[in-house]
């Protein structure tokens, strides 16, 4: 089990985060929350990644707020300064993990998936990224500018991160020098989240986890 800590952003401010430590000297992963906040589901994912041997840092972008209401989650997400979260919170998280000298990756779900793409474009010091069903507006983070190894997992039955939007991501990242893997699943948005039985798909979630674990092993070690 991990614990809450704080780390320092580039601007000197402190960000709370959930830290699940792996063995000393192992690579790090910055894990980005869904629009619900830094809840038990995300902390559980951090613990699972830690069990694979990674040190995982999940920044609390809402500063202690969580919700199970979609209306409230949408309100909190729209109130988040995505540029500040990317250039300050996520950059600070990467800097914190990179201080140990090991490579660092980034991954996230839904809102966190969109911020994963943003981090892959804007944040320095990353080696690889894994995105689950989230893509930001291209004017904020153009996928053509992704210069790290990248893996994406998307749902075919998704009216937020739509198949057409995924098509655009695939086209934008075609022919890149760094590896790009995009997988699609016959499932709904948030199919990985077991705390939401109305959309959770165990088979798709397990397949995505296996692919993700193999990717991290290949890219981070």
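The values are calculated or read from the model by the stated rules, or taken from the named source; none is laboratory data. Since this is a predicted model, take the numbers as computed values, not measurements. We place every Cβ from the backbone using ideal geometry, glycine too, and count neighbours over all the protein chains shown.
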Checklist outcome for this item: residue 141 meets each of (1) part of a loop (DSSP other than H, G, I, E, B); (2) at pLDDT 95 or above; (3) surrounded by fewer than 20 Cβ atoms within 10 Å (Cβ to Cβ) with one exception, condition (3)
Next on the checklist: Can you go through 117, 130, 121 and tell me which one is more than 21 Å from residue 40 (Cβ to Cβ) and touching a strand residue (DSSP E or B) at 6+ places or on another chain (Cβ under 7 Å)?
Outcome noted: 117
Checklist entry - So, of the residues in the range 181-198 that are buried (at least 22 other Cβ atoms within 10 Å of the Cβ) and without any contact (Cβ under 8 Å) to a residue 60 or more places away in the chain, which turns out to be farthest from residue 114 (Cα to Cα)? => result 187
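In this structure, does residue 181 turn out to be at pLDDT 95 or above and in a loop (DSSP other than H, G, I, E, B)? Break it down stepwise before answering.
On the way: at pLDDT 95 or above: yes; in a loop (DSSP other than H, G, I, E, B): no.
Answer is no for this residue.
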Item to check | Test: residue in the range 147-154 that is touching a helix residue (DSSP H, G or I) at 6+ places or on another chain (Cβ under 7 Å), surrounded by 22 or more Cβ atoms within 10 Å (Cβ to Cβ), over 21 Å from residue 94 (Cβ atoms) and modelled with pLDDT of 95 or more | outcome: yes
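Quick check on residue 87: is it in contact with a helix residue (DSSP H, G or I) (Cβ under 7 Å, 6 or more places away or on another chain) and either farther than 20 Å from residue 209 by Cα or surrounded by 19 or more Cβ atoms within 10 Å (Cβ to Cβ) (or both)? Lay out the reasoning, then the answer.
Values: in contact with a helix residue (DSSP H, G or I) (Cβ under 7 Å, 6 or more places away or on another chain): yes; either farther than 20 Å from residue 209 by Cα or surrounded by 19 or more Cβ atoms within 10 Å (Cβ to Cβ) (or both): yes.
So residue 87 passes the test.
Okay, residues lined up against (1) under 20 Å from residue 117 (Cβ atoms); (2) surrounded by fewer than 19 Cβ atoms within 10 Å (Cβ to Cβ); (3) free of Cβ contacts under 8 Å to residues at least 60 places away in the same chain:
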{"residue": "5", "(1), (2), (3)": "no, yes, yes"}
{"residue": "11", "(1), (2), (3)": "no, yes, no"}
{"residue": "20", "(1), (2), (3)": "no, no, yes"}
{"residue": "28", "(1), (2), (3)": "yes, no, no"}
{"residue": "38", "(1), (2), (3)": "yes, no, yes"}
{"residue": "54", "(1), (2), (3)": "no, no, no"}
{"residue": "73", "(1), (2), (3)": "yes, no, yes"}
{"residue": "81", "(1), (2), (3)": "yes, yes, yes"}
